[in-house]
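Accompanying notes for the structure given below.
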Amino acid sequence: MSEWLEVLRQIEPLEDVMLDPGLIAQMARPTEPANLSRINFYTPTFKAYASSEITGCGKQAWPAVSITGGECKLACDHCKAKILEPMIPARTPQDLWRVVHEQVDLGAQGMLLTGGSNHRNQVEYAPYYATLRRIKDTFPAFKIALHTALVDLDIARRMEDAGIDVAMMDVIGAQDTITQVYHLRRGVDDFERSLGYLAATEMKVVPHIVLGLHYGRFLGEWRALDIVKRHRPDALVLVVVMPHYAQEDRPFATPDAHEVGRFFMDARAAMRDTPLLLGCARPAGRVKSQIDAYAVMAGLNGIAHPADGMVELAARLGREVRVTPACCSIAVGNEVMAIDTEDAGLQVDVQKVIEFERAQRLPPDIKIVRVEEQM
Ligand code: SF4
(Lines give C-alpha, C1' and ligand atoms only; values in the text may rest on other atoms or scores of the structure.)
Protein backbone atom coordinates (compact mmCIF):
# COMPACT_ATOMS: atom_id res chain seq x y z
CA MET A 1 0.00 0.00 0.00
CA SER A 2 2.72 2.44 0.96
CA GLU A 3 4.18 1.76 -2.49
CA TRP A 4 1.00 3.08 -4.13
CA LEU A 5 0.93 6.11 -1.84
CA GLU A 6 4.52 6.77 -2.83
CA VAL A 7 3.55 6.55 -6.51
CA LEU A 8 0.68 8.99 -5.93
CA ARG A 9 3.02 11.44 -4.21
CA GLN A 10 5.22 11.60 -7.31
CA ILE A 11 2.38 12.67 -9.59
CA GLU A 12 2.25 16.43 -9.70
CA PRO A 13 -1.43 16.92 -10.68
CA LEU A 14 -2.46 14.71 -7.74
CA GLU A 15 -0.46 16.71 -5.18
CA ASP A 16 -3.47 18.36 -3.54
CA VAL A 17 -5.98 15.61 -4.26
CA MET A 18 -7.30 13.95 -1.10
CA LEU A 19 -7.52 10.17 -1.38
CA ASP A 20 -8.40 7.62 1.28
CA PRO A 21 -5.31 5.56 2.26
CA GLY A 22 -7.52 2.76 3.59
CA LEU A 23 -9.33 2.44 0.29
CA ILE A 24 -6.08 2.57 -1.63
CA ALA A 25 -4.76 -0.25 0.55
CA GLN A 26 -7.71 -2.42 -0.45
CA MET A 27 -7.27 -1.56 -4.13
CA ALA A 28 -3.57 -2.33 -3.99
CA ARG A 29 -3.90 -5.99 -3.05
CA PRO A 30 -1.08 -7.63 -4.99
CA THR A 31 -3.16 -10.59 -6.09
CA GLU A 32 -5.74 -8.50 -7.95
CA PRO A 33 -5.19 -9.43 -11.61
CA ALA A 34 -7.48 -6.61 -12.71
CA ASN A 35 -4.90 -4.13 -11.52
CA LEU A 36 -2.42 -5.47 -14.03
CA SER A 37 -4.63 -5.33 -17.09
CA ARG A 38 -4.61 -2.92 -19.98
CA ILE A 39 -6.25 0.47 -19.53
CA ASN A 40 -7.53 2.59 -22.38
CA PHE A 41 -7.93 6.35 -22.14
CA TYR A 42 -10.25 8.18 -24.49
CA THR A 43 -9.71 11.87 -25.17
CA PRO A 44 -9.09 14.20 -28.09
CA THR A 45 -6.29 15.76 -26.00
CA PHE A 46 -4.03 12.94 -27.13
CA LYS A 47 -4.51 13.81 -30.78
CA ALA A 48 -0.93 15.02 -30.98
CA TYR A 49 0.14 11.41 -30.47
CA ALA A 50 -2.22 9.83 -32.96
CA SER A 51 -1.00 8.17 -36.08
CA SER A 52 -1.69 10.09 -39.28
CA GLU A 53 -4.66 7.94 -40.25
CA ILE A 54 -6.60 8.93 -37.12
CA THR A 55 -7.81 12.46 -37.52
CA GLY A 56 -10.17 14.67 -35.64
CA CYS A 57 -12.46 13.97 -32.79
CA GLY A 58 -14.38 10.77 -32.27
CA LYS A 59 -17.67 12.60 -32.64
CA GLN A 60 -17.37 11.91 -36.35
CA ALA A 61 -16.48 8.29 -35.75
CA TRP A 62 -19.40 7.65 -33.36
CA PRO A 63 -21.93 10.49 -33.57
CA ALA A 64 -24.81 10.58 -31.10
CA VAL A 65 -28.25 10.87 -32.71
CA SER A 66 -31.59 11.55 -31.00
CA ILE A 67 -34.94 10.58 -32.54
CA THR A 68 -36.71 13.23 -30.46
CA GLY A 69 -34.11 15.99 -30.79
CA GLY A 70 -33.89 17.64 -27.37
CA GLU A 71 -37.33 16.56 -26.17
CA CYS A 72 -38.05 14.10 -23.37
CA LYS A 73 -41.34 13.59 -21.54
CA LEU A 74 -39.73 12.22 -18.37
CA ALA A 75 -37.46 15.20 -17.67
CA CYS A 76 -35.69 13.34 -14.85
CA ASP A 77 -34.40 15.55 -12.06
CA HIS A 78 -30.73 14.80 -12.79
CA CYS A 79 -30.91 15.45 -16.53
CA LYS A 80 -33.94 17.47 -17.63
CA ALA A 81 -33.21 16.21 -21.16
CA LYS A 82 -29.95 18.23 -21.21
CA ILE A 83 -28.04 15.15 -22.35
CA LEU A 84 -30.00 15.14 -25.61
CA GLU A 85 -29.40 18.77 -26.53
CA PRO A 86 -26.02 18.46 -28.27
CA MET A 87 -27.04 15.36 -30.26
CA ILE A 88 -27.88 15.27 -33.96
CA PRO A 89 -31.69 15.28 -34.29
CA ALA A 90 -33.39 12.70 -36.53
CA ARG A 91 -37.09 13.13 -35.80
CA THR A 92 -38.37 10.93 -38.63
CA PRO A 93 -37.11 7.70 -40.23
CA GLN A 94 -36.33 9.72 -43.37
CA ASP A 95 -34.20 12.11 -41.30
CA LEU A 96 -32.38 9.17 -39.76
CA TRP A 97 -31.61 7.69 -43.18
CA ARG A 98 -30.25 11.08 -44.35
CA VAL A 99 -28.24 11.63 -41.14
CA VAL A 100 -26.61 8.20 -41.39
CA HIS A 101 -25.69 8.79 -45.04
CA GLU A 102 -24.12 12.12 -44.13
CA GLN A 103 -22.27 10.62 -41.18
CA VAL A 104 -20.98 7.67 -43.19
CA ASP A 105 -19.67 10.14 -45.79
CA LEU A 106 -17.90 11.97 -42.96
CA GLY A 107 -16.22 8.76 -41.88
CA ALA A 108 -18.52 7.50 -39.10
CA GLN A 109 -17.96 3.90 -38.02
CA GLY A 110 -21.19 3.76 -36.09
CA MET A 111 -23.60 5.81 -34.03
CA LEU A 112 -25.14 6.01 -30.61
CA LEU A 113 -28.90 6.22 -31.18
CA THR A 114 -31.17 7.47 -28.45
CA GLY A 115 -34.12 9.74 -27.80
CA GLY A 116 -36.25 11.17 -25.04
CA SER A 117 -38.54 8.82 -23.13
CA ASN A 118 -42.30 8.69 -22.95
CA HIS A 119 -43.92 8.61 -19.50
CA ARG A 120 -43.21 4.87 -19.17
CA ASN A 121 -39.46 5.25 -19.82
CA GLN A 122 -39.71 3.86 -23.31
CA VAL A 123 -38.11 5.47 -26.33
CA GLU A 124 -40.56 5.06 -29.19
CA TYR A 125 -38.41 3.43 -31.86
CA ALA A 126 -41.22 1.47 -33.57
CA PRO A 127 -41.41 3.70 -36.69
CA TYR A 128 -37.62 3.42 -37.09
CA TYR A 129 -37.01 -0.35 -37.14
CA ALA A 130 -37.44 -0.75 -40.92
CA THR A 131 -35.04 2.13 -41.55
CA LEU A 132 -32.52 0.72 -39.09
CA ARG A 133 -32.69 -2.64 -40.91
CA ARG A 134 -32.14 -0.82 -44.21
CA ILE A 135 -29.16 1.04 -42.73
CA LYS A 136 -27.58 -2.23 -41.55
CA ASP A 137 -28.24 -3.92 -44.92
CA THR A 138 -26.73 -0.96 -46.81
CA PHE A 139 -23.77 -0.36 -44.48
CA PRO A 140 -23.11 -3.70 -42.75
CA ALA A 141 -19.93 -2.43 -41.09
CA PHE A 142 -21.71 0.58 -39.56
CA LYS A 143 -22.32 -0.23 -35.89
CA ILE A 144 -25.43 0.88 -34.06
CA ALA A 145 -25.44 1.22 -30.28
CA LEU A 146 -28.99 1.86 -29.09
CA HIS A 147 -30.08 3.37 -25.80
CA THR A 148 -33.05 1.05 -25.36
CA ALA A 149 -34.67 2.38 -22.15
CA LEU A 150 -37.21 -0.14 -20.80
CA VAL A 151 -38.32 -2.91 -23.17
CA ASP A 152 -40.50 -6.00 -23.25
CA LEU A 153 -39.46 -9.19 -25.00
CA ASP A 154 -41.19 -8.26 -28.24
CA ILE A 155 -39.43 -4.88 -28.40
CA ALA A 156 -36.06 -6.47 -27.59
CA ARG A 157 -36.55 -8.92 -30.48
CA ARG A 158 -37.55 -6.14 -32.85
CA MET A 159 -34.35 -4.29 -31.96
CA GLU A 160 -32.36 -7.44 -32.62
CA ASP A 161 -34.15 -8.02 -35.96
CA ALA A 162 -33.41 -4.43 -36.94
CA GLY A 163 -29.70 -5.27 -36.66
CA ILE A 164 -28.82 -3.31 -33.53
CA ASP A 165 -25.29 -4.23 -32.46
CA VAL A 166 -25.23 -2.90 -28.91
CA ALA A 167 -28.14 -2.43 -26.52
CA MET A 168 -27.58 0.03 -23.67
CA MET A 169 -29.86 0.89 -20.75
CA ASP A 170 -29.59 2.58 -17.37
CA VAL A 171 -30.20 0.15 -14.53
CA ILE A 172 -31.71 1.66 -11.38
CA GLY A 173 -31.75 -0.33 -8.17
CA ALA A 174 -33.89 1.83 -5.81
CA GLN A 175 -37.63 2.31 -5.99
CA ASP A 176 -37.39 5.78 -4.41
CA THR A 177 -35.01 6.88 -7.16
CA ILE A 178 -37.32 5.56 -9.88
CA THR A 179 -40.30 7.35 -8.33
CA GLN A 180 -38.68 10.58 -7.22
CA VAL A 181 -35.84 11.26 -9.67
CA TYR A 182 -37.38 9.66 -12.79
CA HIS A 183 -41.03 10.46 -11.90
CA LEU A 184 -41.81 6.97 -13.10
CA ARG A 185 -44.44 4.46 -12.08
CA ARG A 186 -42.27 1.41 -12.73
CA GLY A 187 -40.49 -0.93 -10.36
CA VAL A 188 -36.88 -2.08 -9.97
CA ASP A 189 -38.11 -5.42 -11.36
CA ASP A 190 -39.05 -3.71 -14.62
CA PHE A 191 -35.41 -2.70 -15.04
CA GLU A 192 -34.20 -6.22 -14.30
CA ARG A 193 -36.76 -7.76 -16.65
CA SER A 194 -35.76 -5.38 -19.46
CA LEU A 195 -32.11 -6.23 -19.02
CA GLY A 196 -33.01 -9.93 -19.08
CA TYR A 197 -34.97 -9.53 -22.36
CA LEU A 198 -32.04 -7.71 -23.96
CA ALA A 199 -29.59 -10.34 -22.71
CA ALA A 200 -31.75 -13.07 -24.29
CA THR A 201 -31.02 -11.63 -27.76
CA GLU A 202 -27.87 -11.76 -29.86
CA MET A 203 -27.24 -8.04 -29.28
CA LYS A 204 -24.29 -7.05 -27.16
CA VAL A 205 -25.63 -5.67 -23.91
CA VAL A 206 -24.00 -2.73 -22.13
CA PRO A 207 -25.93 -1.48 -19.09
CA HIS A 208 -25.07 1.80 -17.42
CA ILE A 209 -25.20 2.59 -13.72
CA VAL A 210 -25.40 6.26 -12.75
CA LEU A 211 -23.60 6.72 -9.43
CA GLY A 212 -25.12 9.16 -6.95
CA LEU A 213 -28.41 9.11 -8.83
CA HIS A 214 -30.51 9.77 -5.73
CA TYR A 215 -29.89 13.51 -5.51
CA GLY A 216 -26.14 12.94 -5.30
CA ARG A 217 -26.42 10.11 -2.78
CA PHE A 218 -25.90 6.38 -3.24
CA LEU A 219 -29.06 4.39 -2.77
CA GLY A 220 -29.74 1.65 -5.33
CA GLU A 221 -26.31 1.37 -6.94
CA TRP A 222 -25.26 -1.88 -5.26
CA ARG A 223 -28.59 -3.49 -6.05
CA ALA A 224 -28.21 -2.31 -9.64
CA LEU A 225 -24.78 -3.95 -9.68
CA ASP A 226 -26.31 -7.23 -8.48
CA ILE A 227 -28.90 -7.04 -11.24
CA VAL A 228 -26.29 -6.30 -13.89
CA LYS A 229 -24.06 -9.10 -12.66
CA ARG A 230 -26.87 -11.65 -12.93
CA HIS A 231 -27.28 -10.94 -16.65
CA ARG A 232 -23.60 -11.16 -17.61
CA PRO A 233 -23.40 -8.13 -19.92
CA ASP A 234 -20.68 -7.53 -22.52
CA ALA A 235 -19.49 -4.42 -20.66
CA LEU A 236 -20.65 -2.12 -17.88
CA VAL A 237 -20.45 1.66 -18.12
CA LEU A 238 -20.32 3.68 -14.91
CA VAL A 239 -21.04 7.38 -14.90
CA VAL A 240 -21.32 9.82 -12.00
CA VAL A 241 -24.26 12.16 -11.70
CA MET A 242 -23.52 15.78 -12.56
CA PRO A 243 -25.23 18.15 -10.10
CA HIS A 244 -25.24 21.15 -12.42
CA TYR A 245 -28.00 19.78 -14.68
CA ALA A 246 -30.46 19.74 -11.76
CA GLN A 247 -32.93 22.52 -11.07
CA GLU A 248 -32.66 24.66 -7.95
CA ASP A 249 -35.84 23.27 -6.40
CA ARG A 250 -34.55 19.66 -6.69
CA PRO A 251 -30.79 20.12 -6.09
CA PHE A 252 -28.21 17.35 -6.34
CA ALA A 253 -25.15 17.11 -4.10
CA THR A 254 -21.81 16.22 -5.64
CA PRO A 255 -21.41 12.48 -5.00
CA ASP A 256 -18.75 11.53 -2.48
CA ALA A 257 -15.63 10.56 -4.46
CA HIS A 258 -14.53 7.98 -1.87
CA GLU A 259 -17.88 6.24 -2.09
CA VAL A 260 -17.55 6.29 -5.87
CA GLY A 261 -14.11 4.71 -5.44
CA ARG A 262 -15.53 2.00 -3.20
CA PHE A 263 -18.18 1.28 -5.78
CA PHE A 264 -15.53 0.95 -8.50
CA MET A 265 -13.73 -1.58 -6.35
CA ASP A 266 -16.91 -3.56 -5.67
CA ALA A 267 -17.89 -3.48 -9.34
CA ARG A 268 -14.44 -4.72 -10.31
CA ALA A 269 -14.65 -7.53 -7.77
CA ALA A 270 -18.19 -8.46 -8.83
CA MET A 271 -17.41 -8.54 -12.53
CA ARG A 272 -13.86 -9.66 -12.94
CA ASP A 273 -14.04 -10.62 -16.60
CA THR A 274 -16.35 -7.87 -17.83
CA PRO A 275 -14.95 -4.66 -19.32
CA LEU A 276 -15.70 -1.78 -16.93
CA LEU A 277 -15.72 1.67 -18.43
CA LEU A 278 -15.93 5.08 -16.78
CA GLY A 279 -18.03 7.21 -19.13
CA CYS A 280 -17.42 10.90 -19.65
CA ALA A 281 -20.33 12.09 -17.48
CA ARG A 282 -18.95 13.01 -14.08
CA PRO A 283 -18.45 16.21 -12.09
CA ALA A 284 -15.49 18.40 -13.04
CA GLY A 285 -12.70 19.81 -10.90
CA ARG A 286 -10.92 18.29 -7.90
CA VAL A 287 -13.56 15.59 -7.43
CA LYS A 288 -12.93 14.37 -10.97
CA SER A 289 -9.24 13.85 -10.15
CA GLN A 290 -10.26 11.83 -7.10
CA ILE A 291 -12.77 9.75 -9.04
CA ASP A 292 -10.39 9.10 -11.91
CA ALA A 293 -7.51 8.15 -9.64
CA TYR A 294 -9.76 5.60 -7.92
CA ALA A 295 -10.90 4.31 -11.33
CA VAL A 296 -7.30 3.65 -12.35
CA MET A 297 -6.43 2.05 -9.01
CA ALA A 298 -9.59 -0.07 -8.90
CA GLY A 299 -8.67 -1.58 -12.24
CA LEU A 300 -11.31 -0.18 -14.60
CA ASN A 301 -10.59 -1.00 -18.25
CA GLY A 302 -11.43 2.30 -19.91
CA ILE A 303 -11.73 5.95 -18.87
CA ALA A 304 -13.23 8.65 -21.07
CA HIS A 305 -11.69 12.11 -20.78
CA PRO A 306 -9.29 11.29 -17.93
CA ALA A 307 -8.16 13.96 -15.51
CA ASP A 308 -4.63 15.24 -15.70
CA GLY A 309 -2.05 12.80 -14.36
CA MET A 310 -4.02 9.58 -14.99
CA VAL A 311 -1.81 8.28 -17.79
CA GLU A 312 1.19 8.74 -15.53
CA LEU A 313 -0.57 7.05 -12.61
CA ALA A 314 -1.58 4.04 -14.69
CA ALA A 315 1.90 3.74 -16.19
CA ARG A 316 3.58 4.00 -12.80
CA LEU A 317 1.26 1.29 -11.43
CA GLY A 318 2.50 -0.99 -14.18
CA ARG A 319 -0.62 -1.08 -16.32
CA GLU A 320 -0.39 -1.33 -20.09
CA VAL A 321 -1.59 2.07 -21.23
CA ARG A 322 -3.38 2.73 -24.49
CA VAL A 323 -4.90 5.97 -25.65
CA THR A 324 -7.59 6.57 -28.20
CA PRO A 325 -7.59 10.13 -29.47
CA ALA A 326 -11.36 10.50 -29.52
CA CYS A 327 -14.36 11.83 -27.67
CA CYS A 328 -15.94 9.43 -25.24
CA SER A 329 -18.70 8.42 -27.65
CA ILE A 330 -16.20 6.12 -29.32
CA ALA A 331 -15.40 4.47 -26.02
CA VAL A 332 -18.37 2.12 -25.85
CA GLY A 333 -17.79 1.13 -29.44
CA ASN A 334 -14.17 0.39 -28.74
CA GLU A 335 -14.62 -1.32 -25.42
CA VAL A 336 -17.36 -3.57 -26.66
CA MET A 337 -16.30 -4.17 -30.21
CA ALA A 338 -12.56 -4.23 -29.94
CA ILE A 339 -11.28 -4.41 -26.41
CA ASP A 340 -9.35 -7.60 -27.01
CA THR A 341 -7.90 -6.69 -30.35
CA GLU A 342 -4.56 -5.12 -30.95
CA ASP A 343 -6.08 -2.00 -32.50
CA ALA A 344 -8.07 -1.11 -29.38
CA GLY A 345 -6.32 2.21 -28.95
CA LEU A 346 -2.79 3.24 -29.63
CA GLN A 347 0.08 2.11 -27.53
CA VAL A 348 1.93 5.35 -27.01
CA ASP A 349 5.15 6.48 -25.52
CA VAL A 350 3.85 7.12 -22.01
CA GLN A 351 6.77 9.39 -21.21
CA LYS A 352 5.81 11.58 -24.16
CA VAL A 353 2.22 11.87 -22.94
CA ILE A 354 3.41 12.74 -19.44
CA GLU A 355 5.68 15.45 -20.84
CA PHE A 356 2.77 16.72 -22.95
CA GLU A 357 0.53 16.91 -19.87
CA ARG A 358 3.25 18.76 -17.96
CA ALA A 359 3.72 21.21 -20.83
CA GLN A 360 -0.02 21.93 -20.73
CA ARG A 361 0.36 23.10 -17.14
CA LEU A 362 3.20 25.54 -17.84
CA PRO A 363 2.59 29.27 -18.51
CA PRO A 364 1.56 29.87 -22.17
CA ASP A 365 4.89 31.32 -23.35
CA ILE A 366 6.80 28.28 -22.13
CA LYS A 367 4.06 25.89 -23.21
CA ILE A 368 4.27 26.85 -26.89
CA VAL A 369 7.99 26.09 -26.99
CA ARG A 370 7.56 22.75 -25.24
CA VAL A 371 4.66 21.59 -27.39
CA GLU A 372 6.43 22.49 -30.62
CA GLU A 373 9.43 20.53 -29.52
CA GLN A 374 7.26 17.49 -29.20
CA MET A 375 5.50 17.63 -32.56
S1 SF4 B 1 -35.24 9.86 -19.68
FE2 SF4 B 1 -33.10 10.04 -20.27
S3 SF4 B 1 -32.98 11.86 -21.62
FE4 SF4 B 1 -34.97 11.95 -20.53
S5 SF4 B 1 -34.52 13.28 -18.79
FE6 SF4 B 1 -34.31 11.13 -18.09
S7 SF4 B 1 -32.08 10.69 -18.33
FE8 SF4 B 1 -32.53 12.56 -19.53
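Remarks
- Against the criterion of being away from the ligand (no atom under 16 Å from the Cβ) and in contact (Cβ under 8 Å) with a residue 12 or more places away in the chain, VAL99 qualifies.
- Test for GLU71: is it within 11 Å of the ligand (Cβ to nearest atom) and either assigned to a helix (DSSP H, G or I) or of a type in the set (Asp, Glu) (or both): yes
- Of all residues making up the range 83-96, the number that are of a type outside the set (Val, Ile, Thr) and either within 16 Å of the ligand (Cβ to nearest atom) or under 20 Å from the mean Cα position of the chain (by Cα) (or both): 7
- Identity of the residue in the range 171-184, within 14 Å of the ligand (Cβ to nearest atom) and touching a helix residue (DSSP H, G or I) at 6+ places or on another chain (Cβ under 8 Å), that ends up nearest to PHE218 (Cα to Cα): ILE172
- Residue check for LYS80: basic (Lys, Arg), within 15 Å of the ligand (Cβ to nearest atom), without any contact (Cβ under 8 Å) to a residue 60 or more places away in the chain and in a loop (DSSP other than H, G, I, E, B): no
- Pairs with Cβ under 7 Å, 6+ apart, first in the range 189-218 and under 20 Å from ALA145 (Cα atoms) and modelled with pLDDT of 95 or more, second buried (at least 20 other Cβ atoms within 10 Å of the Cβ) and polar (S, T, N, Q): LEU198/THR148
- Selection over the range 147-188 of residues that are in a loop (DSSP other than H, G, I, E, B) and either touching an Asp or Glu at 6+ places or on another chain (Cβ under 8 Å) or within 16 Å of ASN121 (Cα to Cα) (or both) gives a count of 16.
- Picking from residues in the range 104-141 that are away from the ligand (no atom under 16 Å from the Cβ) and under 20 Å from the mean Cα position of the chain (by Cα), the one that is modelled with the highest pLDDT is MET111.
The values are calculated or read from the model by the stated rules, or taken from the named source; none is laboratory data. Everything quoted here is computed from the prediction, not taken from an experiment. Here the Cβ is made from the backbone with ideal geometry for all residues, glycine too, and neighbour counts use every protein chain on show.
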